[in-house]
Amino acid sequence: MRPLRSVSRFAIAAMFFFAVDPARAQSSKRMTFDDVIALKAVSDPQLSPDGRWVAYVVSHADMTADAADPDIYIVAAAGGDPVRLTTSKKADTSPRWSPDGKWIAFISARDEKPQIYLISPSGGEADALTSSKSGIGSFQWSPDGKRIAFAAQRDLTADEEKKQKDKDDAVVIDQQFRFTQLSTIDVATKKVTIVVNGAFQASDPQWSPDGSRIAYVTNPTPKADDGTVSDIFTVSSEGGTPKKLVENEGPDAAPRWSPDGRSIAYLTRPGKPTAVGLLQLAVVSADGGTPRMVAPGFLYQPGAATWSNDGATIYFTSPVRTTTQLFSVASAGGTPKQLTAAMGVISNATFSRDRSSFAVTFQDIQHASDVHVATVANATALTRLTDHNPQLRSLALGKSEIVHWKSKDGMDVEGILVYPVDYQPGKRYPMVAEIHGGPAGSWMENFPGGWTDAAHVWAGRGWAVFFPNPRGSSSYGEKFLRANIKDWGAGDYRDIQTGIDNMVAKGIADSTKLAQSGWSYGGYMTAWTLTQTNRFKAVMIGAGLTDMASMYGTNDIPRTIDGYFEAEPWNDPTQYTARSAMTYIKQARTPTLIQHGQADQRVPIGQSQELYLGLKKNNVPVELVFFPREPHGLMEPRHQLDKMTREYDWFAKYVLGENKNIVP
């Protein structure tokens, strides 16, 4: 049920083709699944206080360790060759500049448990700052650079350590939580002071400008189901009695202090807690009180706030249809102004101390993510600083288009189409529809180079790839997001199928060579589709929900299902039965590949087992694959490669009629 990457799109015509480099268009080399695994992922750009440098993370697949290996890099904002600062075989992430710009703190797992390390921007050896027995989560430098606040699980007691060693470790559900606490560490002496410690989860520490207080977020337990039940507190940076910032049943998160320390901007959903809805940007006195909504009419979901130095303006990023954009809004309230015009996805905007410039990562369907910078005064002019995947220029990639259609009830729906390489108008092609997760995910105009969306590989093999954003997708406003409440498998299903009809009517898709695939909620929708129509020659269901009643009782986020079904299965058994693919399993005829992480707690493997047995008993061609150790999303590169290759071979066999032997 985890949302996939979401993006949106601004003021663009119904049909728009992305430019393709002439050299690339003439290339005969096609992208492969091995190329997908070899891609370097660029993320978390952090602009130095003086705006002269950007620290960021580059992750690649270490096939020997069968794991992602992220490292810290730095590049000059004026341009030049990037420098790799860390070379550990373990994860190095979360670079954060000291206020004076002389140090970069980051989290490294090189010594088993993640710890905060310090390294000079000019290079050299990194020094461990913390020695937490449980590992470090989020952290932030104090304004004077003398301390760092961090979140970490409380350490085990001696008795707990002994029981763990002796395997005397029975687990009582909803008890025995190891909560996360907030501490500060003196950078010079390494003295640790516990600031917040209680029967709750504490995270996201944020220092007040004068360093006297820390704002932070709490959740009642570490359970994923309590992720939307959050509050904001403030506390003295020396410790003491915390003070709750606002009284609100709904979630409050991402506190950010104003420059004068008098106010805090944060994200909230007023009213009763629900898992379905967009957050709003609010400002409240740092001493608490009645908050005010800064942009109550804003259609989309704002990200965390960054204040201007004079406190008059707040900056934030937001998904807008199929792109993300940077906005500004008066802190006193008003209509947000879009600053960027990105025809793709910008992420993780960070600003210089004087707020004159910012750094982001940017990607689009033709280009993988890289670090870019711009000035706030001319935010549309992004300058690329890095080029971590130059090999893509030698590959022939499919062009893409934003497509629109009307659903059966007249609702406007949008999606992305990636054309086959060497597409010829008038010729029909096999097409796979990729359904996103969530259901509140959205397909974005990011580079489709992951294990769930490797569209350019399919395009290179002569397929069209269709990414619909049906009702329930998150980047089209609150009304569209909530349009599938108590309606799973109905309006959303029709949105997708009418989109496919549209691709057939345009002469792009061959109606006799259709396939559908999806993971998580995309798996739910594909399992549902399997039992409602036989138009597809094959489907792939990844970590899909198939029996909503049993799903409710065994998954780790029942509150999310409450939000969509507005009742528990024992109070509305009819709805749960009616929205479950297993209810209609005898109607299924389509050859089905089922894939699932064996350690998945979000969608437990019983959902796939039920579907597998139902199809097998009804003589439908089916294969069930479990990936050991994997949670809801696949983490190990070899499993990711297996998933992509196995899925393509299944479709090639049943859609194209190729004589494929699906290797166990």
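Points to keep in mind about this one:
- Qualifying residue in region 202-214 (condition: touching a residue at least 12 places away in the same chain (Cβ under 8 Å), surrounded by fewer than 18 Cβ atoms within 10 Å (Cβ to Cβ), of a type outside the set (S, T, N, Q) and under 25 Å from residue 557 (Cβ atoms)): no
- Test: residue in region 158-172 that is closer than 22 Å to residue 135 by Cα and either touching a residue at least 40 places away in the same chain (Cβ under 8 Å) or open to solvent by less than 70 Å² (accessible area, probe 1.4 Å) (or both): yes
- Scanning region 605-642 for residues that are crowded, with 18+ Cβ neighbours inside 10 Å and of a type in the set (Asp, Glu) yields 610, 630, 636, 642.
- From 184, 180, residue being surrounded by 15 or more Cβ atoms within 10 Å (Cβ to Cβ), under 18 Å from residue 98 (Cβ atoms) and under 30 Å from the mean Cα position of the chain (by Cα): 184
- The set of residues in region 420-461 being more than 21 Å from residue 37 (Cβ to Cβ), open to solvent by 10 Å² or more (accessible area, probe 1.4 Å) and not hydrophobic (A, V, I, L, M, F, W, C) consists of 422, 423, 424, 425, 426, 427, 428, 429, 430.
- Checking each residue in region 233-264 for being farther than 17 Å from residue 304 by Cα, open to solvent by 40 Å² or more (accessible area, probe 1.4 Å) and not charged (D, E, K, R) picks out 236, 240, 241, 242.
- Selection from region 326-374 of residues that are touching a residue at least 60 places away in the same chain (Cβ under 8 Å), among the β-branched types (Val, Ile, Thr) and within 20 Å of residue 77 (Cβ to Cβ): 350, 360, 361, 371, 373
- Long-range neighbours under 9 Å by Cβ, at least six apart or interchain, first residue over 16 Å from residue 443 (Cβ atoms) within region 474-492, second of a type in the set (Val, Ile, Thr) and surrounded by fewer than 17 Cβ atoms within 10 Å (Cβ to Cβ): none
Residues are listed down the side, and each one gets a yes or a no for (1) closer than 19 Å to residue 465 by Cα; (2) surrounded by fewer than 23 Cβ atoms within 10 Å (Cβ to Cβ):
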residue: 525; (1), (2): yes, no
residue: 534; (1), (2): no, yes
residue: 537; (1), (2): yes, yes
residue: 542; (1), (2): yes, no
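- Positions within region 551-560 being surrounded by fewer than 22 Cβ atoms within 10 Å (Cβ to Cβ), closer than 17 Å to residue 632 by Cα and touching a residue at least 60 places away in the same chain (Cβ under 8 Å), in sequence order: 556, 557, 558
- Enumeration of residues in region 608-623 that are in contact with a Phe, Trp or Tyr (Cβ under 9 Å, 6 or more places away or on another chain) and more than 13 Å from residue 590 (Cα to Cα): 608
- Meets criteria (buried (at least 16 other Cβ atoms within 10 Å of the Cβ) and closer than 30 Å to residue 439 by Cβ) for residue 196: no
- Test for residue 354: is it part of a loop (DSSP other than H, G, I, E, B) and either crowded, with 20+ Cβ neighbours inside 10 Å or on the phi < 0 side of the Ramachandran plot (or both): yes
- Pairing each residue of region 497-509 that is more than 19 Å from residue 462 (Cα to Cα) and of a type in the set (Ser, Thr, Tyr) with any residue that is modelled with pLDDT of 95 or more and not in a loop (DSSP other than H, G, I, E, B), provided the two are 6+ apart or on different chains, yields C-beta distances under 8 Å for 498/405; 498/406; 498/413.
- Extreme residue, modelled with the lowest pLDDT, among residues of region 647-659 that are surrounded by fewer than 19 Cβ atoms within 10 Å (Cβ to Cβ) and within 16 Å of residue 457 (Cβ to Cβ): 658
- Just one of the numbered conditions (1) within 21 Å of residue 524 (Cβ to Cβ); (2) out of contact with any helix residue (DSSP H, G or I) (no Cβ under 6 Å at 6 or more places or on another chain); (3) open to solvent by less than 10 Å² (accessible area, probe 1.4 Å) is not true of residue 402: (1).
- Condition met for residue 228 (surrounded by fewer than 18 Cβ atoms within 10 Å (Cβ to Cβ) and either closer than 30 Å to residue 603 by Cα or polar (S, T, N, Q) (or both)): no
- Any hit, region 501-514, residues being modelled with pLDDT of 95 or more and within 26 Å of the chain's Cα centre (by Cα): no
- Residues of region 132-156 that turn out to be open to solvent by 40 Å² or more (accessible area, probe 1.4 Å) and either modelled with pLDDT of 95 or more or in contact with an Asp or Glu (Cβ under 8 Å, 6 or more places away or on another chain) (or both), as a count: 7
- Sole residue being open to solvent by less than 10 Å² (accessible area, probe 1.4 Å) and touching a Leu at 6+ places or on another chain (Cβ under 6 Å), chosen from 413, 371: 371
- Which listed residue is within 13 Å of residue 245 (Cβ to Cβ), in contact (Cβ under 8 Å) with a residue 24 or more places away in the chain and in a loop (DSSP other than H, G, I, E, B), from 288, 261: 288
- When residue 494 is tested against (1) outside any loop (DSSP other than H, G, I, E, B); (2) touching a Phe, Trp or Tyr at 6+ places or on another chain (Cβ under 9 Å); (3) open to solvent by 30 Å² or more (accessible area, probe 1.4 Å); (4) farther than 18 Å from residue 607 by Cβ, just one condition goes unmet, and that condition is (2).
- Filter result (more than 19 Å from residue 259 (Cβ to Cβ) and open to solvent by less than 40 Å² (accessible area, probe 1.4 Å)) within region 339-350: 339, 340, 342, 344, 345, 346, 347
- Checked against (1) touching a residue at least 40 places away in the same chain (Cβ under 8 Å); (2) of a type outside the set (Gly, Ala, Ser); (3) assigned to a strand (DSSP E or B), residue 634 passes all but condition (3).
The values are calculated or read from the model by the stated rules, or taken from the named source; none is laboratory data. For clarity, every value in this text was computed on a predicted model and none was experimentally measured. Methodologically, a virtual Cβ is constructed for each residue, glycine included, from the backbone with ideal geometry; neighbour enumeration extends over all protein chains shown. Side chains included, ligands, DNA and RNA excluded: accessible areas come from the protein's heavy atoms. Shrake-Rupley method; radii C 1.70, N 1.55, O 1.52, S 1.80 Å.
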